[in-house]
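First comes the structure, then the notes that go with it.
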Amino acid sequence: MTSGKVSVLDIKGLTKTYGAVTAVDNVDLHIDHGEILGLIGPNGSGKSTFFDCSTGLATPDSGSVSLEGSDITNWSLNRIAREGRMLRSFQKTVVFKKLDVEENLVIAGQMFTFPSVLSTFSVGKRSRMRIEGLRKHARELIELTGLGPVAHMAAGNLSGGQQKLIQFASMLMPDPRLIMLDEPMAGINPKLVERVIDTIRYANREMGVSFLIIEHNIDVVTSLCSRAIVLDQGRKLCEGTPAEVIANKQVREAYLGG
Ligand SMILES: Nc1ncnc2c1ncn2[C@@H]1O[C@H](COP(=O)(O)OP(=O)(O)OP(=O)(O)O)[C@@H](O)[C@H]1O
Ligand SMILES: [Mg+2]
């Protein structure tokens, strides 16, 4: 945390073991408001487990997780997601395959803005206005992500990269404070990589969303992130600007092949 300011996310001493493996070992991490932080490290270094323990998918053995100053350690994944302040993606992309792009986004918005499943289907004037508001927001995000030409195609018929963009746009529907992305560029073509980078930048600058991004592509980390943290065997190996991290001798040995 920097002088007196409340971080968007502040994690202290996070530890998670699976049997004999300490997947995450006493890691501290904070993200300032408006920051894009990179989380890098070799395969199996604990990056996804760190996400799991921060977002309620797994229970940490010890450590604390604070979101905008409130303690959310041990909150469930559902509780954290429903609140809509901190959202995460998974290494595997998940979309509603039979629904078109716009419907995917509207449904995502409904999950956050409607208090119960029943009210999702209510037909009162207020709920119609809410749906109209969600549709408008969905259309804006569809334009932003360049999905306009395929807005009314079934998500399942689109490419893996386009599905990632749908997932990303869906996450922006509730205007979250923080988005955690697990390898957002994996398996997508270079043109769409540029599009995802632009969208992350736009969401960061114009919507005030902070990001924590797991990314193996060092060029992407350098282009997007102001700071990066390197994990190795569950432990924090170093942190600094992308240039500092890349220049670090231990990082080069552990991760970048010397
Ligand atoms: N559910 C689980 N059960 C048992 N072991 C696990 C589980 N999840 C992760 N691990 C172990 O924890 C360690 C860290 O794995 P994790 O998936 O967090 O690494 P990662 O940095 O995300 O790797 P990658 O870059 O390959 O995605 C690995 O040794 C992994 O085998
Ligand atoms: Mg992983």
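Nearest 0.05, what FRET efficiency do ILE197 and VAL94 give at R0 = 22 Å with Cβ-Cβ as r?
The calculated FRET efficiency here is 0.55.
DSSP beta bridges in the chain, what fraction antiparallel, as a percent rounded to 5?
55
In terms of modelled amide H atoms, which long-range or inter-chain residues lie less than 5 Å from the amide H of GLY34?
HN-HN under 5 Å from GLY34: SER210.
For the pair ARG135/TYR18, report the inter-label distance in nm, with labels modelled 7 Å from Cα in the Cβ direction.
Label at ARG135, label at TYR18, 4.4 nm between them.
Mind ranking 174-185, 205-216 by how tightly packed they are, going by the mean number of other C-beta atoms within 10 angstrom, highest first?
Details: 174-185: 20.8, 205-216: 18.2.
Peptide ranking by packing, descending: 174-185, 205-216.
Could you report segment 111-258's accessible area per residue, 1.4 Å probe, as an integer in Å²?
Per residue, segment 111-258 has an accessible area of 50 Å².
Kindly provide the helix-only [θ] at 222 nm of the chain, computed as the sum of -39,500 (n - 2.57) over DSSP H runs of four or more divided by all residues, to the nearest 500 deg cm²/dmol?
Values: 10 runs with 102 residues, N = 258.
Computed mean residue ellipticity for the chain: -11500 deg cm²/dmol.
About the Cα centre of the chain, how large is the charge dipole given +1 on each Lys and Arg Cβ and -1 on each Asp and Glu Cβ? Please answer in debye to the nearest 20.
It works out to roughly 740 debye.
Of the accessible area of segment 93-175, with the probe set at 1.4 angstrom, what percent is carbon plus sulfur?
Answer for segment 93-175: carbon and sulfur cover 62 percent of the accessible area.
For a quick protection proxy, order the peptides 235-243, 6-14 by their average other-Cβ count within 10 Å, most packed first.
6-14, 235-243
Label segment 44-181 by shape, choosing from rounded, prolate and oblate, from the square roots a ≥ b ≥ c of the eigenvalues of the Cα gyration tensor; if a/c is under 1.5 it is rounded, and otherwise prolate applies when a/b is larger than b/c, oblate when it is not.
Here segment 44-181 falls in the oblate category.
Let me know the shape class of the chain, please: from the alpha-carbon gyration tensor, a ≥ b ≥ c as square roots of the eigenvalues, rounded when a/c is under 1.5, otherwise prolate if a/b is greater than b/c, or oblate.
prolate
Per residue of segment 92-97, in order, report the coupling 6.51 cos²θ - 1.76 cosθ + 1.60 (Karplus, θ = phi - 60°) as ³J(HN,Hα) in whole Hz, putting x for Gly and Pro.
After applying 6.51 cos²θ - 1.76 cosθ + 1.60, I find 8, 7, 10, 9, 7, 5 Hz.
Given H placed 1.01 Å from N in the peptide plane, which residues other than close sequence neighbours of ARG88 have an amide H under 5 Å from its amide H?
MET180
Specify whether the C-alpha gyration tensor of segment 131-173 places it in the rounded, prolate or oblate class, a ≥ b ≥ c being the square roots of the eigenvalues: rounded for a/c under 1.5, otherwise prolate if a/b is larger than b/c and oblate if not.
In terms of gyration-tensor shape, prolate.
If you plug each phi of segment 170-179 into the Karplus form 6.51 cos²θ - 1.76 cosθ + 1.60 with θ = phi - 60°, what whole-Hz ³J(HN,Hα) values come out, in order, with x for Gly and Pro?
3J(HN,Hα) across segment 170-179, in whole Hz: 4, 5, 7, 4, x, 6, x, 8, 9, 10.
Take ARG126 and GLU83, extend 7 Å from each Cα along the Cα→Cβ direction, and tell me the distance between the two endpoints in nm.
Modelled inter-label distance: 2.4 nm.
Arrange the peptides 74-84, 58-68 so that the one whose residues have, on average, the most other Cβ atoms within 10 Å appears first.
58-68, 74-84
Given labels modelled 7 Å from the Cα in the Cβ direction, how far is it in nm from THR59 to ASN189?
4.6
Report, by chain and number, residues whose modeled amide H sits under 5 Å from the one on ILE213, excluding near sequence neighbours (fewer than 5 apart, same chain).
Counting only residues 5 or more places away or on other chains, the set is LEU37, GLY38, LEU39, LEU181.
Report ³J(HN,Hα) in whole Hz for each residue of segment 212-218, in order, from the Karplus equation J = 6.51 cos²θ - 1.76 cosθ + 1.60 where θ = phi - 60°; Gly and Pro get x.
10, 10, 7, 8, 7, 7, 5
The values are calculated or read from the model by the stated rules, or taken from the named source; none is laboratory data. Remember, predicted model here, so these are calculated numbers, not experimental data. No Cβ is skipped: glycine too gets one built from the backbone with ideal geometry, and neighbour counts run over all protein chains shown. Please note that ligands, DNA and RNA were not included when accessible areas were found on the heavy atoms of the full protein model with its side chains. Shrake-Rupley method; radii C 1.70, N 1.55, O 1.52, S 1.80 Å.
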